[in-house]
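Everything on this sheet refers to the single structure shown next.
The values are calculated or read from the model by the stated rules, or taken from the named source; none is laboratory data. Just so it is clear, the model here is predicted, and its values are computed rather than measured. Here the Cβ positions follow ideal geometry from the backbone for every residue, glycine too, while neighbour counts run over all protein chains shown.
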Amino acid sequence: MAGLSLRLGLGLQRPASGGGAGPLLISGAPATTATDEQPYAGFDASASGGVAPYSYSLVGTWPAGISINSSTGAVSGTPTEAGSFASLSVRVTDAETDTADLDSFTLVVSALPSGPTVNADHVFVRDITAGSTLYGKAPDTQCDYPASVTKLMTALIVLRNKRSALSDTVTVQSGDLLSASYSQMGLLANDVITFTDLLHGMLLPSGGDACQAAARIVGDLLTASGGVARFVTEMNTVADELGMAGTSYANTWGFAEANHYSTARDVGLLMEEVLSEPALSGILDKSVYSATITGANARTIFMSSSNPILEDEGVIGGKTGTWIDTTPDPDINVYNLANAWQAPNGNTIVVVTLQSDTGADRQDDQRDLIAQLPTDYPYLATTTGNGEGFVLLEDGASRVLLEDGSSRVLLEG
C-alpha cells in the first residue's frame, strides 16, 4: 500500500568483556522497504550494556544516499539507487571495542514510476512541497546546453544583492548588448532602466542584454571593478551552496561554451530556490509586462513570456532555454523548460525537461509529464483535506480518490 513501509524488530547481543553494566546489546526496528529518490523512513539503533560511549556504523552494502549518525545510531537519508540490498546490519562498538550487530535484513528499494515516454534527454520532476522526487530520466547526466535556463541563476544573484534597492537604475553600456541573433529585451546603449525591469527582461523575453547590464553592476558591488567576471564567480558559488554538483557557469545568459553546463536535477534545485523568492516567482507567473525606459531613447518596452505553456491549467511559471543552429555546433537544436505546476492538492511540482528536439516536443514533454502525475501519484489529485477528493478525467469519467491511493469510478460521462 502506498505510503507504508515494513519494519522488523531485530536485535543481537554479544557479551562484553570490559566489565560494563551487562552484555553489550543493540536493538532497532529497520524499515525494510523504500523508494528510489524518496526519503527513507529510517530507524534508530539503540545500544545498552557494555561500556559507554558507543559508536554506530553500517554493515553491508547499503544503497547510496543512506547514512548513519555514528553518535546517535539514527539511520536516514534518501536512496539514489533501486534494488534489493541483502545482509544489511548496524553495528555498535563500545569503549572497550566490543561490538554487537543487529540481525541482518534485506532492504528493498523500489524504482520510481517511469512516467510517460518523452522526447527530452533529461528529466527531473520533484514535489517541492513534500520533498519527494517523482520522475527522473538521466537527471544527473551533464547537459552542455542549459541555454537560457541559466538566467534563473542570474536573476537569483541580482535579487540577492539588490533586494532592497530594485528601484535603482542602470545606465546601459554598449558592451552589455548582444548580437541580434540572441534573445534580448531590446535595450539600447545609454538606456536608463531599473533593476526591477531588468529582472523582468531576463525572465520573460529571456533577454541576455538585461543579464549583462545587471551583472556588470552587481559584479562591481561584490568586488570593486569585478564586473561580469566577478558575477559569474558568484553564480558558481551559489550553485555550490544549493548543492548543484553537476553545474558550472561561464557566462550570465546561457551561451554555449566550455565549462558552461548543468543537469536536470540541478536546474530543479535552482528552480526550487527561485520559487522561494516571491519577487522572482511573481515574474515567472506573468504573461506580459511593460518596462519604462528613460534617457536619450525614452520609451516603453512591451514584453511577453517565452514560456509556451504558461496559460495551461495549474502552471504557475517557468523559464525556457533554447539553442538553435549556432556556434559551437551548428547541428545542435535544444529546447529546455523548467516549469512549476500546482497540483490539485495544492503541492508545487517542479518539472524540468532538457534537450527536447523541437519546440513542439518541449511543450508535449511538459504536458505529458504533468498529465501523468496524478495517475502515478494519486495523492496529487486529492482536493480535500481528509485524503479523499474528486478528479474529472479527460474521458469525462468522475473518480473518487481514496486515502490508499486507489480510485473508483463514480460516473461515466
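Here are the numbers for this structure:
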{"item": "Filtered residue count, the range 47-103, keeping only those that are among the hydroxyl-bearing types (Ser, Thr, Tyr) and free of Cβ contacts under 8 Å to residues at least 24 places away in the same chain", "result": "4"}
{"item": "Candidate set from the range 97-109 (those that are under 32 Å from the mean Cα position of the chain (by Cα) and buried (at least 20 other Cβ atoms within 10 Å of the Cβ)); member that is nearest to Ile26 (Cα to Cα)", "result": "Leu107"}
{"item": "Qualifying residue in the range 156-165 (condition: farther than 22 Å from Pro278 by Cα and either outside the structural domain of Gln355 (by TED's automatic domain parsing) or assigned to a helix (DSSP H, G or I) (or both))", "result": "no"}
{"item": "Criterion: touching a residue at least 60 places away in the same chain (Cβ under 8 Å) and over 19 Å from the mean Cα position of the chain (by Cα) - qualifying residue of Leu112, Leu166, Leu156", "result": "Leu166"}
{"item": "Ser248 at pLDDT below 95 and in the same structural domain as Met303 (by TED's automatic domain parsing)", "result": "no"}
{"item": "Hits in the range 244-289 - residues which are of a type outside the set (A, V, I, L, M), without any contact (Cβ under 8 Å) to a residue 60 or more places away in the chain and out of contact with any helix residue (DSSP H, G or I) (no Cβ under 6 Å at 6 or more places or on another chain)", "result": "Ser248, Asn259, Asp266, Ser276, Pro278, Gly282, Asp285, Ser287"}
{"item": "The one condition in (1) acidic (Asp, Glu); (2) touching a residue at least 12 places away in the same chain (Cβ under 8 Å); (3) out of contact with any strand residue (DSSP E or B) (no Cβ under 7 Å at 6 or more places or on another chain) that Asp240 fails to fulfil", "result": "(2)"}
{"item": "Within the range 295-311, considering residues that are modelled with pLDDT of 95 or more and among the hydrophobic types (A, V, I, L, M, F, W, C), the one surrounded by the most Cβ atoms within 10 Å (Cβ to Cβ)", "result": "Met303"}
{"item": "Residue match in the range 134-149 (condition: of a type in the set (Gly, Ala, Ser) and either assigned to a loop (DSSP other than H, G, I, E, B) or in contact with a Pro (Cβ under 8 Å, 6 or more places away or on another chain) (or both))", "result": "yes"}
{"item": "Verdict on Ala256 being of a type in the set (Gly, Ala, Ser), within 25 Å of Gln173 (Cα to Cα) and modelled with pLDDT under 95", "result": "yes"}
{"item": "Total residues in the range 271-288, condition over 15 Å from Thr129 (Cα atoms) and either under 12 Å from the mean Cα position of the chain (by Cα) or surrounded by 19 or more Cβ atoms within 10 Å (Cβ to Cβ) (or both)", "result": "3"}
{"item": "Test: residue in the range 229-236 that is hydroxyl-bearing (Ser, Thr, Tyr) and part of a helix (DSSP H, G or I)", "result": "yes"}
{"item": "In the range 79-96, the residues that are among the β-branched types (Val, Ile, Thr) and surrounded by fewer than 20 Cβ atoms within 10 Å (Cβ to Cβ)", "result": "Thr80, Thr93"}
{"item": "Filter result for the condition that a residue is modelled with pLDDT under 95, within 17 Å of Gly321 (Cβ to Cβ) and of a type outside the set (Asp, Glu), over Ser183, Ser206", "result": "Ser183"}
{"item": "Residue check for Gly314: within 24 Å of Thr133 (Cα to Cα), out of contact with any strand residue (DSSP E or B) (no Cβ under 9 Å at 6 or more places or on another chain) and modelled with pLDDT of 95 or more", "result": "no"}
{"item": "Qualifying residue in the range 47-59 (condition: surrounded by 14 or more Cβ atoms within 10 Å (Cβ to Cβ) and at positive phi)", "result": "yes"}
